[in-house]
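*Asks:* Starting off with a structure, shown below.
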Amino acid sequence: MFELKKILGAMLMPLPFLGMLCFIALIIALRTNKFSAYIGIIAISCLLLISTPFIGQKIIDPATQLKYTFPSSKQPILDKIVVLGCDVNPNPQLNANSQLGNCAKSRLIEGLRLANIYPNAQLIVSGGGYGKVTNSSLMQQTAISLGIAAARIKQNPAAMDTADEAKLLAPTLVDFKVALVTSASHMARATDLFNAQGVDVIPAATDFYDFSAWPSHKQYIPNVEVLKAVTSYWHEVLGSTWISMRRWIDPEAL
């Protein structure tokens, strides 16, 4: 009874429920417009399949990201901790930490963890935002509220993407021991962009996705968290492809 309740509850979530309704509607539409219906069925089927933990896990391949965890036991000294920007939800009625998205919070928490392990390291928070509200300013305010001295923190509010972050921060990072904090799925591309600017970084990944431990009754039901993980993976595929194209056109680009 317990598992049946969980299965029914999962199937009634917006993604699987509306996806199945669309699938059924397209099956019915096969009577009038077969070509459009076939395209719709294929699209909806792919969306639902990649949203299941069973398929999503194979796409994101989380085991390959474990190499990006920070080896604090092997790093006696660290000079700078760079936390890359992520999502923000500006709202002046909220505290700074409540305006940071989950991805940004995950990155900042890892940065603060390292800042406590290495009390002499400078904490650099990066990322633009919307109008006067930037990712870096919200991260700075949150870090100060959690006990990090303001003098230890440096902002990089002008960067609007990872390439900007690497270019703008590179002059202050060369020849230092630098930990780069970002999402696990983003780490390979971010490391590549910083290396291209002459900066050697030590990966300190966070925001991992892994659905292998989910119970079997959830493995084949579409879930929005899985779709989010696959979307992040696809974002990185597109980002890496764009970088390769830019460098093919201009070897000095990025």
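The values are calculated or read from the model by the stated rules, or taken from the named source; none is laboratory data. Quick caveat: nothing in here was measured; it's all calculated off a predicted structure. Positions of Cβ are generated from backbone atoms using ideal geometry, with glycine treated the same way; all protein chains shown enter the neighbour counts. Side chains included, ligands, DNA and RNA excluded: accessible areas come from the protein's heavy atoms. Shrake-Rupley method; radii C 1.70, N 1.55, O 1.52, S 1.80 Å.
*Asks:* Any chance you could look up the accessible area of C22 with a 1.4 Å probe, heavy atoms only, rounded to 10 Å²?
*Replies:* Accessible surface of C22 is approximately 60 Å².
*Asks:* Okay, next question. Output ³J(HN,Hα) for the stretch 235-241: one whole-Hz value per residue in order, computed from phi by the Karplus curve 6.51 cos²θ - 1.76 cosθ + 1.60 with θ = phi - 60°, and x for Gly and Pro.
*Replies:* 4, 6, 4, 5, x, 5, 5
*Asks:* Follow-up question, since we're still on this one. Any idea of W242's accessible area? Nearest 10 Å², probe 1.4 Å.
*Replies:* Approximately 140 Å² of W242 is accessible to the 1.4 Å probe.
*Asks:* Now for a separate question. Which whole-number percentage describes the relative contact order of the chain, with Cα contacts under 8 Å and a sequence gap of 6 or more?
*Replies:* Relative contact order, the chain: 25 percent.
*Asks:* Determine the principal axes of the Cα atoms in the chain, then give the extent along each, sorted from largest to smallest and rounded to whole angstroms.
*Replies:* So the extents along the principal axes, rounded to whole Å, are 66, 50, 40.
*Asks:* Give me the percent relative contact order of the stretch 88-178, please, defined on Cα pairs under 8 angstrom at least 6 residues apart. Numbers along the way, then the final one.
*Replies:* Working: 101 pairs, mean separation 24.3, N = 91.
RCO, the stretch 88-178: 27 percent.
*Asks:* Still on this structure: Give me Rg/Rg_expected for the stretch 117-216, where Rg uses Cα atoms only and Rg_expected = 2.2 N^0.38 Å with N residues.
*Replies:* 1.18
*Asks:* Something else now. Using a 1.4 Å probe over the heavy atoms of the protein chains, calculate the carbon and sulfur portion of the accessible area of the stretch 91-228 as a whole percent.
*Replies:* Within the stretch 91-228, the accessible surface is 53 percent carbon and sulfur.
*Asks:* Name the lysines eligible as straight-distance cross-link partners of K74: C-alpha to C-alpha under 29 Å, and not fewer than 8 places from it in the same chain.
*Replies:* Output for K74: K105, K154, K167, K177.
*Asks:* Equivalent ellipsoid semi-axes for the stretch 94-150, as square roots of 5 times the alpha carbon gyration tensor eigenvalues: give them largest first, rounded to whole Å.
*Replies:* For the stretch 94-150, the ellipsoid semi-axes come out as 19, 11, 10 Å.
*Asks:* How large a share of the accessible area of the stretch 18-65, in percent, is made up of carbon and sulfur atoms when the probe is 1.4 Å and the other protein chains stay in place?
*Replies:* Taking all protein chains in place, the stretch 18-65 shows 78 percent carbon and sulfur surface.
*Asks:* Which cysteines in the chain lack any other cysteine whose Cβ sits under 4.7 Å from their own Cβ?
*Replies:* By the Cβ distance rule, which asks for a partner under 4.7 Å, the isolated cysteines are C22, C46.
*Asks:* Under a 1.4 angstrom probe, counting protein chains only, how are V224, V83, V133 ranked by accessible area, largest first?
*Replies:* V224, V133, V83
*Asks:* To the nearest Å, what is the center-to-center distance of the stretch 23-60 and the stretch 154-193, using C-alpha atoms only?
*Replies:* After rounding, the separation between the Cα centres reads 38 Å.
*Asks:* Please work out the average accessible area per residue across the chain, using the 1.4 Å probe convention, and give it in Å².
*Replies:* Details: 14150 Å² over 254 residues.
Ligands and nucleic acids excluded, the result is 56 Å² per residue.
*Asks:* With all protein chains present and a 1.4 Å probe, how do S98, S212 order by accessible area, largest first?
*Replies:* S212, S98
*Asks:* For T32, tell me the accessible area in Å² from a 1.4 Å probe, rounded to the nearest 10.
*Replies:* 130
*Asks:* Could you state the principal axis extents of the C-alpha atoms in the stretch 129-174, from the largest down, to the nearest angstrom?
*Replies:* 29, 28, 12
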